[in-house]
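Each remark here refers to the structure printed beneath this line.
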Amino acid sequence: MAEANGEAVDLKASFLQIYSRLKSELLEDPAFSFTEDSREWVDRMLDYNVPGGKLNRGISVVDSFQILKGGQLNDDELFFAGVLGWCVEWLQAYFLVLDDIMDNSHTRRGQPCWFRLPKVGIIAANDGIILRNHIPRILHRHFREKPYYVHLLDLFNEVEFQTASGQMLDLITTHEGEKDLSKYKMPVYNRIVQYKTAYYSFYLPVACALLMSGEDLDNYADVKRVLVEMGTYFQVQDDYLDCFGDPEFIGKIGTDIEDFKCSWLVVQALEIADENQLKILEENYGKSDPACVAKVKSLYNDLNLQARFSEYERTSYEQLISSIEAQPSKEVQEVLKSFLHKIHKRQK
């Protein structure tokens, strides 16, 4: 185990070195004449928003490519897989910078949201656009000679569209007009999660690794389906931990109840609550008063949603294992299992 952990530390260190190189290249991009102030701004903005977090999405591109290749990567392969991993992290940073403005959030990854910083404010909206535009700059510099270059561009464009559309669905369901819990049904929840989270967090890293391996993504529709299901399972865990997780352990204080989120827990509660319980939800869900939040949490306990989640987790895991083991390629099975084992029964 120590050796495996050592390898993980080495991989993360190598991965971070690639970030430094990409940042240097972007700060010298010949398409724009940087002033000293603008270069300093982009340098600080990148360091604040891109390399934070767990870097799971980016590193999983490298992990997945190594599994598909069936052996250790040489320096070039490691570098190119790492660059694609960072493109996924850049996409994540772009989404988060803009999401935080839309949600009027206060903290992200244990520090103030970028737009909350003095002298940043709404300039963060343009910074989000710059982050998004860095992705094709990186891809053009490092992959334009590769046979799969156009497929990479198509992949990132499609996943970005799916994620932005999922965000729109989330925003208009959660925020538009009067607070209406009757909209919160399982098909709506699944659609939001699939588009807002699953495509870019689960499918995109594996699709990058498959393209690097010379594969045609059209032949992997079933793999995409499994990864999207895994992404849904991941988000359900997230919703559960938002309410029942330990804030000290997960690194953030959950606010789904206060924010009137279309969370898995409230959708489940709405399905099984009696008339009195529905009234409690209607009166208290989406209010920031701690007493209202406590009433909702108490109702979740009365409805035994913790046991319902445990059952969901068990059946989802079994179905995913069954779908994974039906894949014809052993390497693809291994990639999918490595993703599943990272998230199964996670506590944060």
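Tabulated data
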{"item": "Inter-label distance for Glu40 and Glu325, nm, one decimal - labels placed 7 Å from Cα along Cα-to-Cβ", "result": "6.0"}
{"item": "Inter-centroid distance (Cα atoms) of segment 230-283 relative to segment 108-133, Å", "result": "27"}
{"item": "Average Cα contact separation per residue, segment 11-145, under 8 Å, 6 or more apart, as relative contact order %", "result": "25"}
{"item": "Charge sum, other residues only, whose C-beta stays under 12 Å from Tyr285's C-beta, Lys/Arg counted +1 and Asp/Glu -1", "result": "-1"}
{"item": "Over segment 119-239, volume per residue of the alpha carbon convex hull, in Å³", "result": "134"}
{"item": "Whole-Å semi-axes of segment 228-321's equivalent ellipsoid (Cα gyration tensor)", "result": "23, 16, 11"}
{"item": "Cross-link pairs beyond the 21 Å C-alpha cut-off, checked among Lys261/Lys287; Lys12/Lys330; Lys23/Lys54; Lys69/Lys330; Lys185/Lys279; Lys12/Lys342", "result": "Lys12/Lys330"}
{"item": "About the Cα centre, charge dipole magnitude for the chain (Lys/Arg +1, Asp/Glu -1 at Cβ), debye", "result": "220"}
{"item": "Neighbour-limited loop hits for trypsin sites (Lys or Arg not before Pro), segment 47-114 (at most 14 other Cβ within 10 Å; DSSP other than H, G, I, E, B)", "result": "Lys54, Arg109"}
{"item": "Whole-angstrom gap from segment 139-178 to segment 27-49, using each part's C-alpha centre", "result": "24"}
{"item": "Dipole of the chain, positive direction: furthest Cα of Ala198, Ala93, Ala326, with charges on the beta-carbon", "result": "Ala93"}
{"item": "Neighbour cut-off at most 15 other Cβ (10 Å), DSSP loop, trypsin sites (Lys or Arg not before Pro), segment 226-315", "result": "Lys252"}
{"item": "Helical contribution to [θ] at 222 nm, DSSP H n ≥ 4, -39,500 (n - 2.57), averaged over the chain, rounded to 500", "result": "-23000 deg cm²/dmol"}
{"item": "Hull shadow area, averaged, the chain [alpha-carbon convex hull, nm²]", "result": "18.8"}
{"item": "18 Å Cα-Cα reach of Lys119 towards aspartates and glutamates, excluding residues that sit fewer than 8 places from it in its own chain", "result": "Glu36, Asp37, Glu40, Asp43, Asp47, Asp100, Asp127"}
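Throughout, read-outs are computed from the coordinates displayed, never taken from laboratory work. These figures come from a predicted structure and were not determined experimentally. Note: ideal-geometry Cβ built from the backbone for every residue, glycine included; neighbour counts use all protein chains shown.
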